[in-house]
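The values are calculated or read from the model by the stated rules, or taken from the named source; none is laboratory data. Owing to the predicted nature of the structure, the values given are computational and were not obtained by experimental measurement. FYI the Cβ positions are ideal-geometry reconstructions off the backbone, even for glycines, and counts take in every protein chain you see.
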């Protein structure tokens with residue numbers, strides 16, 4: 001949802017891909033939205049940090065997602081440039097220790 005909300009209505013490209021590589025499942029979300037400043041980028045997984053308070057943002061979405069990703073042995077990487085867009089990459093192991 002963050003990606004869709006960041007894309008101006010005149011630009012509608014949000015690309016979502018999922019693939020497996022080297023024992024990991026990888027999700028990538030790319031948008032051509034407004035981008036994220038370096039200051040905000042360093043804080044996006046902090047609980048209650050939001051730049052969308054006026055739109056009802058609680059600052060919990062990415063914080064909770066990041067915690068879940070970590071608990072499953074995964075990683076979250078976000079690259080962004082203001083005015084250019086954002087790429088979010090989530091990597092999770094294909095199998096957990098309990099499944100092997």
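Computed values, structure above
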read-out: Long-range neighbours under 8 Å by Cβ, at least six apart or interchain, first residue on the phi > 0 side of the Ramachandran plot within segment 1-26, second at pLDDT 60 or above and assigned to a strand (DSSP E or B); value: 23/93
read-out: Whichever residue in segment 66-86 is in a loop (DSSP other than H, G, I, E, B) and touching a helix residue (DSSP H, G or I) at 6+ places or on another chain (Cβ under 9 Å) and, among such residues, is nearest to residue 25 (Cα to Cα); value: 74
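Residues are listed down the side, and each one gets a yes or a no for (1) modelled with pLDDT of 95 or more; (2) exposed (fewer than 15 other Cβ atoms within 10 Å of the Cβ); (3) assigned to a strand (DSSP E or B):
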position: 8; (1), (2), (3): no, yes, no
position: 35; (1), (2), (3): no, no, no
position: 45; (1), (2), (3): no, no, no
position: 54; (1), (2), (3): no, yes, no
position: 64; (1), (2), (3): yes, yes, no
position: 89; (1), (2), (3): yes, no, yes
position: 95; (1), (2), (3): no, yes, no
